Amino acid sequence: MNVVLIGFMGTGKSAIGRALAQRLGWAHMDTDTEIERRFGKKIRLIFAQDGEAEFRQAETKVLQEISVSDQLILSTGGGTPLRQENAALLAQIGTIVLLTTPPERIAARVGKRLAERPLLAGWEHDPLTRVRQLLQERTPRYEALADYRLETATFASPQAAASHLISHLRLNPTE
Ligand code: S3P
C-alpha cells in the first residue's frame, strides 16, 4: 500500500508526508528532494541550467522506479500530475490524496521564499495573481486524479493532518 500526496505548492505535501510516514513507520519519498539528490543541485538551478523539460523528465523517471508494493508515502511536486504519463503512474502507485489550501495562504507561504520556486519567478510583485492563474489551470487535473481531498489550512500542524488521514484512510503500521 502506498499513499501519494498531490497538490499545489505550499499546501503541505512535504511536511504532511513526512509526518504521515513517521507515524506509520513507512518510508517517505519527496520527488523534489530525490531529483535534487540525483542532479546534485537545487531545483532552482536545475530549471536555470538544465531546463524545465529535463526536470519533468526526471520526475517521470522517479515515478517509474517506484515499487507499487512498498509501504511508501510519496510527496510529489506541484506540477508532477500534469503530464498524462505521470498521472497514470501516480494512479498505479497508490491512493491519491489531494491537498488544498486557499490561494491567499499559498501566496503568503511561498512568497517568503520565492527564489526557490521557478514557476513564480518574475511575479515577486504579485504572487497571488500567479498562484490563482496556475491553480485555475491545474485544479481540473488534480481533481480528476484525487481519491480523497484534504483542506490543510484547517489543521493546526502537519501531525494533525497526518492523524486525520490515518483514520480516514484506515491506515495502520502493519498494512
Ligand atoms: C513545481 C512545484 C515544486 C517543484 C518545482 C515545480 C510546480 O514543488 O517541483 O518548482 O510545477 O508546481 P512543490 O509543490 O513541492 O513546491
In debye to the nearest 20, the charge dipole size for the stretch 49-105, taken about the Cα centre with +1 at each Lys and Arg Cβ and -1 at each Asp and Glu Cβ, equals 180
Low-density loop cleavage sites - trypsin sites (Lys or Arg not before Pro) in the stretch 92-175, where at most 13 other Cβ are within 10 Å (DSSP)
LYS112, ARG113, ARG170
For the stretch 20-69 and the stretch 123-156, what is the centre-to-centre distance using only Cα atoms, to the nearest Å?
20
Which semi-axes, in whole Å and largest first, does the equivalent ellipsoid of the chain have when worked out from the alpha carbon gyration tensor as the square roots of 5 times its eigenvalues?
24, 20, 15
Can you work out the PRE-style zone for LEU82? Point 7 Å along Cα to Cβ, and I want the residues of the stretch 122-158 with backbone N under 18 Å.
122-124, 127-146
Furthest towards positive pole of dipole, THR129, TYR142, LEU89, structure part the stretch 49-144, Cβ charges:
THR129
With +1 on the Cβ of every Lys and Arg and -1 on the Cβ of every Asp and Glu, and nothing else charged, how large is the dipole of the stretch 110-168 about its Cα centre, in debye rounded to the nearest 20?
100
Which of the GluC sites (Glu not before Pro) found in the stretch 92-152 are loop residues per DSSP with 12 or fewer other Cβ atoms within 10 Å of their Cβ?
GLU124
What length, rounded to one decimal in nm, is gained on full extension from VAL68 through to SER167, with 0.36 nm per residue of separation minus their alpha-carbon distance?
33.5 nm
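What does the charge dipole of the chain about its Cα centre add up to, to the nearest 20 debye, if the Cβ of each Lys and Arg holds +1 and the Cβ of each Asp and Glu holds -1?
On the way: 22 positive and 20 negative charges, 78 e Å.
Once rounded to the nearest 20, the dipole reads 380 debye.
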HIS125 and PHE39 label points (each 7 Å along its Cα→Cβ direction) are spaced in nm at 2.8
Report Rg (one decimal) and Dmax (nearest whole number) for the stretch 111-175, counting Cα atoms only, units Å.
16.0, 48
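Read-outs: derived from the displayed coordinates by stated rules, not from any lab. Everything quoted here is computed from the prediction, not taken from an experiment. Methodologically, a virtual Cβ is constructed for each residue, glycine included, from the backbone with ideal geometry; neighbour enumeration extends over all protein chains shown.
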